[in-house]
Amino acid sequence: MNALRRLSLAVAVVLSLAAPPPAQAQRTPPAWNLPSLMTALRQVRASKASFIETKYLHLLNQARQSSGLLLYVAPNWMQKQTITPVASRLTIAGDRLTIERQGEPNREISLQDYSQIGALIDSVRATLAGDVTELSRHFTPALTGDANAWTLTLTPTDPKLRDMVAAIRIQGQQTAIREIDTNEADGDRTTMAITPEPR
């Protein structure tokens with residue numbers, strides 16, 4: 001379950017939010033706030049980005065690093081392709097999570113069977129969909145900065161979600177996500193640097 005939790009958390013937080021800025025969203029809106037960000041993100045219908053992910057485990061002195069590609073197609077298809085150090089692929093299509101890892105049999109999971117994981121993924125998808133009402137069902141969102149340098153902090157409101165993750169901090173420019181910092185409840189931390197591919 002711990003391994004499944006980490007895989008699903010990585011998909012939900014890291015893979016989902018890799019949207020490069022569309023041409024029509026380049027202008028800074030007159031007022032920059034959470035509704036402005038949600039409106040801008042809602043315009044992104046598909047995206048592709050490269051990532052470098054660094055995991056800091058509190059039981060180990062050495063960080064673990066991986067890299068690969070992130071893909072998103074609105075409204076609910078997401079994929080994380082890890083290229084190094086070990087090839088793997090995590091895909092979410094609707095309610096189904098598929099885990100493919102080199103040298104292991106594929107696993108397919110229904111998110112309905114794992115309510116906390118499903119809520120976490122659905123909340124991130126609500127961010128991409130620009131649905132602040134759905135997002136606020138499971139997180140308290142707080143936005144700081146402006147359109148050219150903003151930070152969105154998501155704090156879980158559900159105690160069971162707080163058992164998995166303490167906070168998620170997303171840094172971006174316009175609709176381009178540049179970095180995601182995930183602080184897990186057990187003290188582990190994952191930082192992902194994201195480079196959107198040109199459209």
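For the subset of region 38-67 comprising residues that are in contact with a strand residue (DSSP E or B) (Cβ under 6 Å, 6 or more places away or on another chain) and closer than 18 Å to Thr127 by Cα, which member is surrounded by the most Cβ atoms within 10 Å (Cβ to Cβ)? Don't jump to the end; show me each part of the working.
First pass over region 38-67, keeping only residues in contact with a strand residue (DSSP E or B) (Cβ under 6 Å, 6 or more places away or on another chain): 46-56, 63-67.
Those left that are additionally closer than 18 Å to Thr127 by Cα: 46-49.
Values: Ala46: 13, Ser47: 24, Lys48: 17, Ala49: 22.
Top of the filtered list is Ser47.
What number goes with the only condition from (1) at pLDDT 90 or above; (2) under 24 Å from Ser67 (Cβ atoms) that Asp146 does not pass?
(2)
Condition first: among the hydrophobic types (A, V, I, L, M, F, W, C) and in contact with a Phe, Trp or Tyr (Cβ under 7 Å, 6 or more places away or on another chain). Now tell me which residues in region 38-68 satisfy that.
Across region 38-68, the qualifying residues are Ala46, Ala63.
Looking only at region 19-39, which residues are over 21 Å from Ala193 (Cβ atoms), in a helix (DSSP H, G or I) and either at pLDDT 80 or above or of a type in the set (S, T, N, Q) (or both)?
If the condition is that a residue be over 21 Å from Ala193 (Cβ atoms), in a helix (DSSP H, G or I) and either at pLDDT 80 or above or of a type in the set (S, T, N, Q) (or both), then Gln24, Leu34, Pro35, Ser36, Met38, Thr39 are the ones that fit.
List the pairs whose first member sits in region 89-105 and is within 13 Å of Ile117 (Cα to Cα), whose second member is among the acidic types (Asp, Glu) and outside any loop (DSSP other than H, G, I, E, B), and whose Cβ atoms are under 9 Å apart, counting only residues at least 6 apart or on separate chains?
Arg96/Glu108; Leu97/Glu108
Which condition breaks for Leu60 when tested against (1) modelled with pLDDT under 95; (2) assigned to a strand (DSSP E or B); (3) not small (Gly, Ala, Ser)?
Unmet for Leu60, out of (1) modelled with pLDDT under 95; (2) assigned to a strand (DSSP E or B); (3) not small (Gly, Ala, Ser): (2).
Confirm whether Leu70 is surrounded by 16 or more Cβ atoms within 10 Å (Cβ to Cβ), within 14 Å of the chain's Cα centre (by Cα) and at pLDDT 90 or above. Let's see the steps before the verdict.
Details: surrounded by 16 or more Cβ atoms within 10 Å (Cβ to Cβ): yes; within 14 Å of the chain's Cα centre (by Cα): yes; at pLDDT 90 or above: yes.
Yes, satisfied.
The values are calculated or read from the model by the stated rules, or taken from the named source; none is laboratory data. Bear in mind the structure is a predicted one, so any value in this text is a computation, not a measurement. Because the Cβ atoms are built from the backbone with ideal geometry, glycine has one as well, and the counts that use them run over all protein chains shown.
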